[in-house]
Amino acid sequence: MTAPARSRTSADLIRAEEPVLAHNYHPLPVVVARAEGAWVEDVEGRRYLDMLAGYSALNFGHRHPALVEAAHRQLDRLTLTSRAFHNDRLAEFAERLAQLTGQDMVLPMNTGAEAVESGIKVARKWAYDVKGVPADRATIVVAADNFHGRTTTIVSFSTDETARSGFGPFTPGFRVVPYDDLAALEEAVDETTAAVLIEPIQGEAGVIVPRDGYLAGVRELTRRRNCLFVADEIQSGLGRTGRTLAVDHEDVEPDVVLLGKALGGGIVPVSAVVGRREVLGVLNPGEHGSTFGGNPLAAAVGTAVVELLETGEFQHRADTLGAVLRDGLTRLVGRGVVGFRSRGLWAGVDVDPAIGSGREISERLMREGVLAKDTHGSTIRLAPPLTVTEDELLGALASFEKVLAV
Ligand SMILES: Cc1ncc(COP(=O)(O)O)c(C=O)c1O
């Protein structure tokens, strides 16, 4: 008989996972049992500063009181209806999310990949119904080194062999161009193009921030060439970069914005496609859906998330603390750090491979009580909750310095 979870150590639990869980992740060897704000605690009671924040799903920290209260209140009233019926929480969620993002309509889904899939379907439908692309000829232009999720259609246009290899055959209809290259985009777009789908900042690729003017350029090009600009803000959006959306840094309004992660407040999976009426309006009953999309619990938590962002407080924190992060990382350049890119409270830090792989650095940081995760070789991604304090951030930077000096 297996022992109750309470009496198992972290090592026991890690060992117990091995035979029963698919090996599609390689987690750091820490077993989290509790969390509050920017801090998590493992089974043995050791505390760690969370500098990853669930890949930005925890922008408001663990168990933000306003979000937990909204969830509790809703749990006691109504949790699920399906979209076969209306529920009394969905209208307000859609109204406020559309208002926050400067868009007209909302298509609620659950995970990020579903929002991307939904965005692709909407863009294709728009191409056929509005632009007049011949049936089944629509193309979507995407960027190299993208990360939009893990479904078969999405990995069809990934350039990461690990994500694709062994999962074909792939969905046709995508063209890949280099990121941050307007000339390549200009060449790839033609009369079949439904949309240009890009991340305003490429997160998984290592927090790749495009040159100033790229996003405005994509907006100008897509408008001129009569195709949609679909911005995947699933990781970059909702306060992370110091603005509500990363495209706000260039005052750009895409036709469609994909949101996820932080929209669920770290409590429930909530994603959404938000867009202009001429675009989202192409969907008719029966053409798309999700049993859980727009459920009242998700809508209640999502509304509470939007309410937090309406104050501007979190965007402001990300902006001002982002400067602290940038200054701290600048001081580490040449002392173990070979370069970094950051915007707001989000950084991709390239560590000298001679000091250790990204994995090794992450494990050393873990032993110092800081949780972060590597991406692509020797790059460490830092994305603390936007609730992190300046002292906590400086503490994490001091741990980083210590780890690099080893
Ligand atoms: C930009 C972007 N799009 C989509 C996704 C997929 O989201 P999910 O893991 O919720 O399916 C991610 C996840 O990391 C992401 O960073």
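Brief remarks on what is shown
- Residues in the range 79-111 that are in a loop (DSSP other than H, G, I, E, B), in contact (Cβ under 8 Å) with a residue 24 or more places away in the chain, within 16 Å of Ala300 (Cα to Cα) and not acidic (Asp, Glu): Thr79, Leu80, Thr81, Ser82, Arg83, Asn87, Arg89, Asn110.
- Any chance Val68 is surrounded by fewer than 19 Cβ atoms within 10 Å (Cβ to Cβ), of a type in the set (Val, Ile, Thr) and within 25 Å of Val306 (Cβ to Cβ): yes
- Of all residues in the range 255-284 being in a strand (DSSP E or B) and of a type in the set (A, V, I, L, M), the one that is nearest to Ala35 (Cα to Cα): Leu259
- Failed criterion for Asn226 (all others in (1) assigned to a loop (DSSP other than H, G, I, E, B); (2) touching a helix residue (DSSP H, G or I) at 6+ places or on another chain (Cβ under 7 Å); (3) within 12 Å of the ligand (Cβ to nearest atom) hold): (3)
- Subset of the range 122-152 [closer than 21 Å to His288 by Cα, within 15 Å of the ligand (Cβ to nearest atom) and surrounded by fewer than 19 Cβ atoms within 10 Å (Cβ to Cβ)]: Arg150, Thr151, Thr152
- Just one residue in the set Leu107, Leu90 is away from the ligand (no atom under 16 Å from the Cβ), in contact with a helix residue (DSSP H, G or I) (Cβ under 7 Å, 6 or more places away or on another chain) and not acidic (Asp, Glu); that residue is Leu90.
- Yes/no for Arg243 being of a type in the set (Lys, Arg) and surrounded by fewer than 19 Cβ atoms within 10 Å (Cβ to Cβ): no
- The number of residues in the range 162-185 being out of contact with any Phe, Trp or Tyr (no Cβ under 9 Å at 6 or more places or on another chain), over 30 Å from Gly213 (Cα atoms) and not in a loop (DSSP other than H, G, I, E, B) comes to 1.
- Candidates Pro172, Pro178 - the one that is away from the ligand (no atom under 16 Å from the Cβ), more than 23 Å from the chain's Cα centre (by Cα) and at pLDDT 95 or above: Pro172
- Within the range 187-212, the set of residues being in contact with a Cys (Cβ under 7 Å, 6 or more places away or on another chain) and either among the β-branched types (Val, Ile, Thr) or in a loop (DSSP other than H, G, I, E, B) (or both) comprises Val189, Thr193, Val196.
The values are calculated or read from the model by the stated rules, or taken from the named source; none is laboratory data. It should be emphasised that the depicted structure is a prediction, and the values quoted were computed from it without experimental measurement. All Cβ positions, glycine included, derive from the backbone under ideal geometry; neighbour counts span all protein chains shown.
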